[in-house]
Structures are given as C-alpha cells and as structure tokens.
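Only one structure is covered here, and it is reproduced in the block below.
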Amino acid sequence: MASLDDLRKRIVSVKSTQKITKAMKMVAAAKLRKAQENAEKGRPYSEKMQNIILNLTESISDPSNAPKLLVGTGKEQTHLCVVMTSDRGLCGGFNSNICRLAKSYFLEILKENKTLQIITIGSKGHDQLKREYGKYIINKLSFKDKKKISFSEADEVGKIILDLFNKNKFDKCVLFYNNFKNIITQIPQAQQIIPAEKKESSKKNEEIFYEFEPDEDEILENLLPKNISTQVFKAFLENSASEQGSRMTAMDNATRNAGDLVKSLTIVYNRSRQAAITKELIEIISGAESL
C-alpha cells in the first residue's frame, strides 16, 4: 500500500494535470468558435463549385474530348490517397478515426491488386500510417509552423496533386478528412476529387446547360485546377473545426476524470491517515497500560 507521502504527492500531481487540461479545454473552445465559423462560411462555395463540376461531368456526351480532370483517365488502376490529419495530439479520436477510414480503403485497393500511393498531411497521420503502409507513402507534408492554414497552403497541396496527375502517376485521387458536425460529432470522409465523382443524388430530371464565355476550354483550364485547391481548402477548414471540437471534448473528459481521481485518492489518503493515527493511539495506550 502506498505511503501517505506518496498519496499526497500523487494528489498534487493529478491536480496540476487537471489545471492543464482545463486550460487546454478553454483554449480549444476559443479556437473552435472561429474555426467553426470559417468552416460554415466555406461550405456553400465549395459545394456550389463541386455541383458545377458534377453537372459538367453529367452533360458530357463525348468523354474522349473532355478534360481528364473532369472525366478521368478511363482507368482506376492507380489510386492516390491524401490523408489529412493534425500535427498535434490530445484531441481524442480525431486522427485515429481518419486513419481508420483510410486503412479500410487501402485494404480494398490492395485486395484488388491495384497500385496505392499515399500523401500524408500532418505528422500524426504519418506516424500512424508509416508502420504498416510506409512503403506506399510518396510524400509527407506538414504545416505545423503555420499559425493559420490559408488558401495558399491548400493551393500548394493542389499543385502537388495536379503535377502528379499531369505526369500520369495516378488515375484516381481521394481526400480523407473529418467533416465537422458539432462539438461531439466529427464524421470521417473519403471524398473523390479526381475525376469528379458522380452521385445519384446530383442527377435531376432537367438537364443543366452552361454557356461559356470566352471559351469552354479556357474556362475549364482554370476552373478545374481551382476546384482541386478549393476542395483541399474545404477539407482543411473542416479538419480545423473538427480538431478543436474533438480536443475540447477530450480535455473536458480528462478534467472530469482527474477530478474523480482526486476524490478517490483523497478518500484513500484520509483512510490511511486515520488508520495511522489509530495505530499510534493504540500503541500509546498499550504502552501506558504496561507501566
């Protein structure tokens, strides 16, 4: 059984940890408000842009003359997976949930004898994936030195993806990130960005026609690469809000658990102290009676 001094030191240590987790919860709550606002503001733009791309894909009659970014290479042999996680821990299952979804996708690809390539964004995802899928990782990116992720970082990632696609390094590209729903719930997502993914829900009874000015090829040449960076930036915004929400929940749970542990340790300490006092009294009384 631990001594009174050991119990006292452990209580002090747990209380210090509780102060840290409480402070981290407050910091995460302050950051969450801004991150959630940015994510909600970015959704309409990215969703509208994605819908335009999907409608363009459905309106193509001759895929052979369409841009490859829109319709793909016609093959699905090589898959590029961009796994977006954080550079910091202590955020619950935020990183693990993304990596779990990505790993299940990797297994399906490898079972079908297809080629897998991985780009990790964030050191935590890279650390989890390198043990099992290290040989498939072709690039590792980290923006932990950036105080705030802007569109320029998303554009940098988009250019890397486009450069690989133009060199015919892959046929299909999928983003893995967490979609922010609320503080408690963050849903792991696997979004296909190359080629544009056709969804049944996007089909309508009336076909949508677009008029291009000045020229269709010129507009698509700028619009399609911009859409890649836009979807990556949306994933960054969703991840940022999800990370702070998950960290806030995790630190709240840690704070409450620390409080419960302090209470239980205090009870043990008081009982041990009382037992020690009782033992000393018995020894004193026994000594007095013997005289």
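Quick look at the values:
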{"item": "Meets criteria (among the β-branched types (Val, Ile, Thr), surrounded by 13 or more Cβ atoms within 10 Å (Cβ to Cβ) and out of contact with any His (no Cβ under 9 Å at 6 or more places or on another chain)) for Thr278", "result": "no"}
{"item": "The listed residue being among the aliphatic types (A, V, I, L, M), in contact with a strand residue (DSSP E or B) (Cβ under 7 Å, 6 or more places away or on another chain) and buried (at least 18 other Cβ atoms within 10 Å of the Cβ), out of Ala35, Ala39", "result": "Ala39"}
{"item": "Among the candidates Ile183, Ile161, residue that is in contact with a helix residue (DSSP H, G or I) (Cβ under 8 Å, 6 or more places away or on another chain), touching a residue at least 60 places away in the same chain (Cβ under 8 Å) and more than 16 Å from Asn227 (Cβ to Cβ)", "result": "Ile183"}
{"item": "Boolean, Ile11 is touching a Ser or Thr at 6+ places or on another chain (Cβ under 7 Å), closer than 28 Å to Thr266 by Cβ and not aromatic (Phe, Trp, Tyr)", "result": "yes"}
{"item": "Selected residue (only one of Thr115, Thr120 is under 14 Å from the mean Cα position of the chain (by Cα) and either without any contact (Cβ under 8 Å) to a residue 40 or more places away in the chain or closer than 13 Å to Thr78 by Cα (or both))", "result": "Thr120"}
{"item": "Some residue of the range 254-264 being modelled with pLDDT under 85 and of a type in the set (Ser, Thr, Tyr)", "result": "no"}
{"item": "Candidates Lys144, Lys130, Lys148 - the one that is under 20 Å from the mean Cα position of the chain (by Cα), farther than 30 Å from Glu221 by Cα, at pLDDT below 90 and of a type outside the set (A, V, I, L, M)", "result": "Lys144"}
{"item": "Contacts under 8 angstrom Cβ, first residue in the range 25-50 being more than 11 Å from Gly245 (Cα to Cα), partner crowded, with 18+ Cβ neighbours inside 10 Å and of a type in the set (Asp, Glu), 6 or more apart", "result": "Ala39/Glu238"}
{"item": "Pick from the range 63-115, criterion of a type in the set (Ser, Thr, Tyr) and in a helix (DSSP H, G or I), ranking: farthest from Asp171 (Cα to Cα)", "result": "Ser96"}
{"item": "Test: residue in the range 207-222 that is surrounded by 11 or more Cβ atoms within 10 Å (Cβ to Cβ), at pLDDT 70 or above and within 14 Å of Arg43 (Cβ to Cβ)", "result": "no"}
{"item": "Matching entry among Lys147, Lys167 (being closer than 19 Å to Leu237 by Cβ, of a type in the set (D, E, K, R) and loosely packed, with under 14 Cβ neighbours inside 10 Å)", "result": "Lys147"}
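Residues checked against (1) touching a residue at least 40 places away in the same chain (Cβ under 8 Å); (2) touching a helix residue (DSSP H, G or I) at 6+ places or on another chain (Cβ under 8 Å); (3) closer than 30 Å to Leu7 by Cα; (4) in a helix (DSSP H, G or I):
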{"site": "Glu221", "(1), (2), (3), (4)": "yes, no, no, yes"}
{"site": "Thr230", "(1), (2), (3), (4)": "yes, yes, no, yes"}
{"site": "Ser242", "(1), (2), (3), (4)": "yes, yes, no, yes"}
{"site": "Ala250", "(1), (2), (3), (4)": "yes, no, yes, yes"}
{"site": "Asp260", "(1), (2), (3), (4)": "no, no, yes, yes"}
{"site": "Ile267", "(1), (2), (3), (4)": "no, no, yes, yes"}
{"site": "Arg273", "(1), (2), (3), (4)": "yes, yes, yes, yes"}
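The values are calculated or read from the model by the stated rules, or taken from the named source; none is laboratory data. Not measured: the values here are computed from a predicted model. Glycine gets a Cβ as well: all are built from the backbone with ideal geometry, and neighbour counts include every protein chain shown.
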